[in-house]
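J.: Handing you a structure now.
The values are calculated or read from the model by the stated rules, or taken from the named source; none is laboratory data. Remember, it's a predicted structure, so these values are computed and weren't measured experimentally. Note: ideal-geometry Cβ built from the backbone for every residue, glycine included; neighbour counts use all protein chains shown.
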Amino acid sequence: MLETDKLTKQFKDTIAVDDVSLVLKRGESVGLLGPNGAGKSTAIAMISTLMKPSSGDVRLNGKSVLKKPDDMRRVLGVVPQKIALYEELSAYENLKFFGRLYGLSGNKLEQRIEYVLELVGLADRKKELVKNYSGGMQRRVNLAAAMMHEPEVLIMDEPTVGIDPQSRNHLLETIRKLNRDEGMTVLYTSHYMEEVEKLCDRVYIMDHGKVIAEGTKEELKAILSDQETVLIEFDQNYPELFKKLSEIEGVQHSTIEEQSLKLIIPRGTRMLAALFHEAERYGAQVINVNVQTPTLEDVFLRLTGRKLRD
Amino acid sequence: MGAFLIKDIMLLLRDRSELLILLAMPFLLIAILGFSLRGIFSGDLEALEMDIALVSEENEAQAVASIQNEIEEMGVPPEQTEALTQAAESASPQTMLVSLFEDESLSELITVERMDRAQAQQSLDEETVDAVITLPEGFTQKSLRNMLFGSKEGSELELLAADLSSPQTDVLDSILQEFVRTVNFEASISRLSGQESAAEVSGGIETITAREPITSFQYYTIGMAVMFVLFVGSTIAGQANLEQKQMVFDRIRLSNRSPLLYLSSKAIAASAIVTVQLALLFSLSALLFQTFAADSWAFWSGIAIISITLAFSVGCLAALMVAITLRLESDAVPAIFSGGVISLMAFVGGSFMPLDGMPEMLRAIGNWTPNGAALSAYFSWLLEPDLSQLMEPLMRIGIVAVVFLLLALALFPRKGGAA
Ligand SMILES: Nc1ncnc2c1ncn2[C@@H]1O[C@H](COP(=O)(O)OP(=O)(O)OP(=O)(O)O)[C@@H](O)[C@H]1O
Ligand SMILES: [Mg+2]
């Protein structure tokens, strides 16, 4: 129902979004994955008609929205990356204001406020000022505000940054419910792999303004199907040993995380013997060895040579 | 529109520090400046209170009688003799002087007691009186001759003050100067217009007292009020900047509401706040400092007309500032405005001190600032509640407001489409 066609945005010296074509089908839940500065927010600003593209097009049901953004705005519920709320007003007052902007009033308005507050689990604290809420609660109101006008498509820009695990779970659960039970179309932006893995049917991976991979989770992981990830935990950090191990033949990529080492190797490579041999030579104690199937994180690592988060 | 307006007003009411700037600060300044600068404004009566002794070294009745004799001896037609005789009686300078001091506005300020010379000198030494006015022998006669026959022989009186350099003495001195001048000058009018002479004479004296000058409290209540309403512009533009930064403005754009609705709400909110601000400042100042003696509906409705015009222009100014702020995507405009421009405008508008001695250029600019124009409108109303005199300053405020509004509309980023 919604698509972008070679969407490009050039700022003075950076190309923030470069030739991005996305498709969102009705009822689908799509993830947009990318590290900081990948161009996710810029892409979303263009899709939601808040920013004019340098070139390319955004279409809703086949019709370009660049000249006439009204229809798009009506169907879209946008959850911005920032907390786009009045801090000095309560959750209820914020929702009332945004509801009235959409022409709701009277009973209907109150009912809708009640519904969205229930949805994000804040009905009992609606009278408190937004600035006194925890980060997680603010995020939930941020979502609630985008839901006031019963949108068909929910576009979320990193809705879970900087919140506690409990709020995060609640939020993810809410979004999943909206998508599964109410058929809401969802575009979910994040640099948290797990979230996208849990929530989305299909994923676009962006880096440096470009879409570098797309597909269902399974399709993407198939990129790594001939590989496996070995996670080795030592009793402490051995810089020289880690370097040595990374250079063992067949290792395609390695990452060091404090006292553990992560290696991506071709499936079926026999390297455990070499591993223990080297460990012994350095007097290192291996605490745990874990062979994993790849995650989207690994896919990203493979595609870009970098991690999603620094 | 209602939604916008309620939200804008609620935001302001929740913002303690802004409220403090908009209401508490000007009030504090009115109190400080009003008290400390009492005395430099001629209308500050309390500071000028004084007791004076009036010494008359002549017999007034005798002097009048002798002048009346002179008139009869002149052999003019009887009706004229009659008129002149009456004039001599009612225009007796001593009586005029006493009734001048007994006049409503001066009697609060000056207490006069008749004494003889020795008594007066003693009181002055003991400082129970601040000054002694002596009417020397022949004062009445000379004055009356002067007034009725236009003789060139001027009359003089004598002022003896405990402290010659005190502001009280200055005021008293100028009252007396004016009086003597009136007595000597009115003579020609008296003589020329014959019959109406008596009325003319008292009319001449009236001019000293009829116009009530402005007190320091009146000056600074109005000065600070017209200055601090300007801060509303900054407040509102600051709000708009925050809305843009926190992306609430994006939410508003997404709602498909006409952006002009947003802008007009800002202007109306600003006007409403200014109206409330002015109402509170004026009424508090009136209650606590007795700033405005007049309590008639007519007086306050004049004040209201000026206030509403001012509020309208600040609304337009706020709209302009909002437009520029959103266009530049920066809070520089409200910051610069509240950090310096307001003080400048207040200065050239005469909020801190009267601009009488300032260069013509500066006063001209001040006259075209909404605050400066409003200030002169308020003052003119205080001095003389005459609607026709308000037209000019109010017109200036209106013209400037419309210019602000047109600029605001031109500069406002109309992000109706994807922009
Ligand atoms: N208004 C702007 N002017 C100039 N450059 C910009 C502007 N907005 C974004 N950029 C640049 O465009 C690039 C993409 O930014 P964008 O915010 O879209 O990334 P993102 O994927 O949302 O990152 P994050 O995960 O940090 O939110 C960045 O290099 C950023 O510096
Ligand atoms: Mg972003």
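J.: Name every residue in segment A:139-152 that is facing another protein chain (nearest Cβ under 10 Å) and either part of a strand (DSSP E or B) or basic (Lys, Arg) (or both), in order of residue number.
T.: Residues satisfying the conditions do not exist here.
J.: Considering A:89, A:85, A:50, A:95, which residue is surrounded by 23 or more Cβ atoms within 10 Å (Cβ to Cβ), without any contact (Cβ under 8 Å) to a residue 60 or more places away in the chain and of a type outside the set (Lys, Arg)?
T.: A:95 is the lone residue from the list that is surrounded by 23 or more Cβ atoms within 10 Å (Cβ to Cβ), without any contact (Cβ under 8 Å) to a residue 60 or more places away in the chain and of a type outside the set (Lys, Arg).
J.: Answer with yes or no whether residue B:394 is in the same structural domain as residue B:265 (by TED's automatic domain parsing) and within 20 Å of residue B:274 (Cα to Cα).
T.: Yes.
J.: Quick one: residue A:100 ticks every box in (1) in contact with a strand residue (DSSP E or B) (Cβ under 9 Å, 6 or more places away or on another chain); (2) facing another protein chain (nearest Cβ under 9 Å); (3) of a type outside the set (S, T, N, Q) except a single one, so which number is it?
T.: (1)
J.: Residues that are at pLDDT 90 or above and over 24 Å from residue B:282 (Cα atoms): list the helices (runs of 4 or more DSSP H) wholly contained in segment B:306-419 that include at least 2 such residues.
T.: It comes to B:332-336, B:387-411.
For (1) within 16 Å of ligand 1 (Cβ to nearest atom); (2) farther than 28 Å from residue B:1 by Cβ, each residue gets a yes or a no:
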residue: A:42; (1), (2): yes, yes
residue: A:45; (1), (2): yes, no
residue: A:51; (1), (2): yes, no
residue: A:57; (1), (2): no, yes
residue: A:61; (1), (2): no, yes
residue: A:80; (1), (2): yes, no
residue: A:84; (1), (2): yes, no
residue: A:99; (1), (2): no, no
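J.: Tally the residues that are surrounded by 15 or more Cβ atoms within 10 Å (Cβ to Cβ), farther than 19 Å from residue A:60 by Cβ and not hydrophobic (A, V, I, L, M, F, W, C), restricting the search to segment A:147-169.
T.: Count: 5.
J.: Looking for whichever is over 15 Å from the mean Cα position of the chain (by Cα) and closer than 15 Å to residue B:270 by Cβ here; the options are B:330, B:338, B:343, B:388. Which one fits?
T.: So the residue among B:330, B:338, B:343, B:388 that is over 15 Å from the mean Cα position of the chain (by Cα) and closer than 15 Å to residue B:270 by Cβ is B:338.
J.: Could you pull out the residue among A:283, A:268, A:250 that is over 27 Å from residue A:303 (Cβ atoms) and small (Gly, Ala, Ser)?
T.: Of the residues listed, the single one that is over 27 Å from residue A:303 (Cβ atoms) and small (Gly, Ala, Ser) is A:283.
J.: Next up: Which of the residues belonging to segment B:286-297 are part of a helix (DSSP H, G or I) and of a type in the set (A, V, I, L, M)?
T.: Matches in segment B:286-297: B:286, B:287, B:288.
J.: Residue B:17 - would you say it is surrounded by fewer than 16 Cβ atoms within 10 Å (Cβ to Cβ), within 14 Å of chain A (Cβ to nearest Cβ) and closer than 27 Å to residue B:343 by Cα?
T.: yes
J.: Please go through segment A:128-149 and pick out each residue that is charged (D, E, K, R) and touching a residue at least 40 places away in the same chain (Cβ under 8 Å).
T.: A:131, A:139
J.: Considering (1) away from chain A (no Cβ under 14 Å); (2) surrounded by fewer than 16 Cβ atoms within 10 Å (Cβ to Cβ); (3) touching a residue at least 60 places away in the same chain (Cβ under 8 Å), say which one residue B:340 fails and leave the rest.
T.: (3)
J.: Which count do you get for residues in segment A:119-134 that are out of contact with any Phe, Trp or Tyr (no Cβ under 8 Å at 6 or more places or on another chain) and either over 29 Å from residue A:181 (Cα atoms) or not aromatic (Phe, Trp, Tyr) (or both)?
T.: 11
J.: Further, regarding this structure: Just one of A:275, A:308, A:263 is closer than 30 Å to residue A:37 by Cβ and either surrounded by fewer than 17 Cβ atoms within 10 Å (Cβ to Cβ) or at pLDDT 80 or above (or both); which is it?
T.: A:263
J.: May I pose another question? Is there a residue being at pLDDT below 90, on the phi < 0 side of the Ramachandran plot and surrounded by fewer than 24 Cβ atoms within 10 Å (Cβ to Cβ) anywhere in segment B:237-251?
T.: Yes, because at least one residue in segment B:237-251 is at pLDDT below 90, on the phi < 0 side of the Ramachandran plot and surrounded by fewer than 24 Cβ atoms within 10 Å (Cβ to Cβ).
J.: Those residues that are in a helix (DSSP H, G or I) and free of Cβ contacts under 8 Å to residues at least 12 places away in the same chain, I need them from segment B:253-285; list them, please.
T.: Within segment B:253-285, B:254, B:276, B:283 meet the criteria.
J.: Looking only at segment A:6-40, which residues are of a type in the set (D, E, K, R) and either more than 24 Å from residue A:161 (Cα to Cα) or within 13 Å of ligand 1 (Cβ to nearest atom) (or both)?
T.: Matches in segment A:6-40: A:6, A:9, A:12, A:13, A:18, A:19, A:25, A:26, A:40.
J.: Something else about it: As an exercise: evaluate residue B:111 against (1) farther than 24 Å from residue B:215 by Cα; (2) modelled with pLDDT of 80 or more and give the number of the one condition it does not meet.
T.: (1)
J.: Then there is this: Looking only at helices (runs of 4 or more DSSP H) that fall completely inside segment A:153-271, which ones have 1 or more residues that are under 29 Å from residue A:28 (Cβ atoms) and within 16 Å of ligand 1 (Cβ to nearest atom)?
T.: A:193-199
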